[in-house]
Amino acid sequence: MNSFSECDVLVVGGGPAGSTVASLLAQQQRRVVVLEKERFPRFHIGESLLPLNLPLFERLGVAKEIERIGVYKPGAELVSDAHEAAGTFRFSDNPYLSVGHSYQVRRAEFDKLLLDNSRRLGAEVREEVRVTDVVLKNGERPRITAVDKKGGKTEWLPRFLVDATGRDTLLSGHLGLKRIDKQNNTAAVFGHFRNVPRRPGDKAGMITVYLFEHGWFWMIPLPDEVMSVGVVGTRAFFKTKGGDIDGLFAEAVAATPSLAAQMAKAEPLGPLTACADYSYDSRSYVGENHILVGDAAAFIDPLFSSGVMMAMSGATFAATAVDGLLEGRPRERIMRDYERKIRLSLTSLSWLIYRINAPILRDLLVSSFDLFNTRHELITVLAGDFYDQRRLLSPLRRLQLAYGCLLFLSKFGLRLRGGGIIWSRA
Ligand SMILES: Cc1cc2nc3c(=O)[nH]c(=O)nc-3n(C[C@H](O)[C@H](O)[C@H](O)COP(=O)(O)OP(=O)(O)OC[C@H]3O[C@@H](n4cnc5c(N)ncnc54)[C@H](O)[C@@H]3O)c2cc1C
């Protein structure tokens, strides 16, 4: 060992979850150290942000900077060739939302901005330092081994450990707590392209989701006329092509005529990337002196562009929990509150995500007939409100009610199409 170090909080991972928790704890005068295995800026997927991210940017003091690097996102559009229809969801159409827009960002720039900001707020950030081992024992400080790019080892003994390692899931893997979500058995292939026209008029900055038989595509307009395009499909669909991700992407594009038209002159800016073993969570998120935050705790399909929002809002809950535990406040209550908030957001989104390939939900998403005011409710979810689902008529409950009614009607051959309910043999 070359050295031995202590701090209040050691954060492993400098993505949005890690930099947010580090910033907030540094603002509380905690001595915080962030270890990040990469040197920023580095590529990362997850480019479409949600309106309810914006109050967090204000709180961190980065709102103006994000506005500068982002493409203005006024909403989302869902296109279904099977329905020959599209549903447009403008955030500003929901008067109850406090913020009516968000941004599409290059994550390389966005993540660097947040990490640099945590430095500015007092956290010590060490890049190109990878955590290779963690030992957790009751009644003792966590013991962490980290290795820098020259092979120099440091052993850390922080009072508290935050796992923000994203899909690497350092602790849930190490402790055997990780559970793969078999109901959301999907995978993704994505890349950046030029020469893909944006949607016309005020839809130019929207994310467009194209539904096709085996899944869905995203199209996210980024700065400098770059378009991020990705396909999310069932594992069965992905298996049809073995490991040929280019063939699979091309087949999915061909199966989605409206997207194929947009992509007719597309030029890839690099090779496509694939990502499997998709959704997961952890049996527990908090221990005696460690906490899991962001993708290190759980990941859910990106249909609602929820990842960064969940990582950053989860990080604010984690910062409150860690601060309380370091102050010696009652452990049980803090742990229960944190677990409950994270699980609440996951349950509300997974109900919708599990059904995205179901014809009834698709009818609801692209129909112009607004059953039980579901349009408002969908905008609320698309804006990032995942935490208020206990009210009797919460957004999710209304959607479930509408879905239940449509499911019942479908037993008699009735389907929601276009502007109303029709009789359909299909
Ligand atoms: C296909 C796909 C599409 C997505 N689309 C969207 C979207 O449109 N909008 C959205 O909001 N979200 C999206 N997401 C989700 C989003 O990418 C994540 O939810 C988000 O990045 C989580 O942030 P995080 O800080 O928890 O993890 P990350 O951003 O992954 O950060 C983790 C950091 O930890 C570092 N690290 C890992 N292991 C170690 C180690 N041992 N030592 C030191 N450092 C380590 C990594 O280098 C990384 O920088 C998408 C995800 C996928 C897979």
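The values are calculated or read from the model by the stated rules, or taken from the named source; none is laboratory data. If you're wondering where the values come from, they're calculated on a predicted model, not measured in any experiment. Note that we place each Cβ from the backbone using ideal geometry, even for glycine, and neighbour counts take in every protein chain shown.
Provide a single number: the residues in region 146-165 that are touching a residue at least 40 places away in the same chain (Cβ under 8 Å) and either within 11 Å of the ligand (Cβ to nearest atom) or among the polar types (S, T, N, Q) (or both). The number of residues fulfilling the criteria is 6. Being in a helix (DSSP H, G or I), touching a strand residue (DSSP E or B) at 6+ places or on another chain (Cβ under 9 Å) and more than 11 Å from the ligand (Cβ to nearest atom) is a condition met by at least one residue of region 260-282. Within region 96-142, track down each residue that is surrounded by fewer than 18 Cβ atoms within 10 Å (Cβ to Cβ) and among the aromatic types (Phe, Trp, Tyr). Correct list: Tyr96 only. Would you point out the residue of region 165-181, among those that are surrounded by fewer than 17 Cβ atoms within 10 Å (Cβ to Cβ) and touching an Asp or Glu at 6+ places or on another chain (Cβ under 7 Å), that is nearest to Val131 (Cα to Cα)? The residue in question is Arg167. Residues that are in contact (Cβ under 8 Å) with a residue 40 or more places away in the chain, over 21 Å from Ala236 (Cα atoms) and crowded, with 16+ Cβ neighbours inside 10 Å within region 259-277 comprise Leu259, Gln262, Met263, Ala266, listed in sequence order. For the criterion of being closer than 18 Å to Ser306 by Cα, at pLDDT 95 or above, touching a helix residue (DSSP H, G or I) at 6+ places or on another chain (Cβ under 9 Å) and buried (at least 20 other Cβ atoms within 10 Å of the Cβ), Val229 passes.
Limited to region 61-84, what total is found for residues that are of a type outside the set (A, V, I, L, M), surrounded by 15 or more Cβ atoms within 10 Å (Cβ to Cβ) and within 25 Å of Leu303 (Cα to Cα)?
Start the filter on region 61-84 by keeping residues that are of a type outside the set (A, V, I, L, M), which leaves 61, 64-65, 67-68, 70, 72-75, 77, 80-81, 83-84.
From what is left, the residues that are surrounded by 15 or more Cβ atoms within 10 Å (Cβ to Cβ) are 65, 70, 73-75, 77, 80-81, 83.
After this cut, where a residue has to be within 25 Å of Leu303 (Cα to Cα) as well, the list is 70, 73-75, 77, 80-81, 83.
Going through region 61-84 one residue at a time, the tally reaches 8.
Return the total of residues in region 331-340 being in contact with a Phe, Trp or Tyr (Cβ under 8 Å, 6 or more places away or on another chain) and either surrounded by fewer than 18 Cβ atoms within 10 Å (Cβ to Cβ) or among the acidic types (Asp, Glu) (or both). Total satisfying the criteria: 2. Checked against the criterion of being more than 15 Å from the ligand (Cβ to nearest atom) and in contact with a strand residue (DSSP E or B) (Cβ under 7 Å, 6 or more places away or on another chain), region 69-78 has at least one qualifying residue. Filtered by the rule that a residue be among the hydroxyl-bearing types (Ser, Thr, Tyr), at pLDDT below 85, surrounded by 15 or more Cβ atoms within 10 Å (Cβ to Cβ) and assigned to a helix (DSSP H, G or I), region 341-374 gives Ser345, Ser348, Thr374.
Remark: pairs (first residue in region 291-303, part of a helix (DSSP H, G or I); second residue more than 8 Å from the ligand (Cβ to nearest atom) and among the charged types (D, E, K, R); Cβ separation under 8 Å; 6+ apart in sequence or on different chains) = Ala296/Asp163. Listed conditions (1) modelled with pLDDT under 85; (2) assigned to a loop (DSSP other than H, G, I, E, B) are all met by Arg398, apart from (2). Among the residues here, Arg199 does not qualify as within 16 Å of the ligand (Cβ to nearest atom), surrounded by 15 or more Cβ atoms within 10 Å (Cβ to Cβ) and of a type in the set (Lys, Arg). Being of a type in the set (Phe, Trp, Tyr), in contact (Cβ under 8 Å) with a residue 40 or more places away in the chain and either in contact with a His (Cβ under 8 Å, 6 or more places away or on another chain) or over 23 Å from Ala108 (Cβ atoms) (or both) is the requirement here; does Phe40 meet it? Spelling it out, it is not the case that Phe40 is of a type in the set (Phe, Trp, Tyr), in contact (Cβ under 8 Å) with a residue 40 or more places away in the chain and either in contact with a His (Cβ under 8 Å, 6 or more places away or on another chain) or over 23 Å from Ala108 (Cβ atoms) (or both). Can you give me the number of residues within region 9-60 that are within 15 Å of the ligand (Cβ to nearest atom), surrounded by fewer than 24 Cβ atoms within 10 Å (Cβ to Cβ) and at positive phi? The total comes to 1.
Residue pairs whose Cβ atoms lie under 6 Å apart, sitting 6 or more positions apart in sequence or on different chains, and linking a residue in region 328-354 that is under 17 Å from Glu377 (Cα atoms) to a partner that is of a type in the set (D, E, K, R), are Ile353/Asp301. Only a single criterion out of (1) more than 30 Å from Leu326 (Cα to Cα); (2) in contact (Cβ under 8 Å) with a residue 24 or more places away in the chain; (3) away from the ligand (no atom under 16 Å from the Cβ); (4) acidic (Asp, Glu) is not satisfied by Glu6, namely (1).
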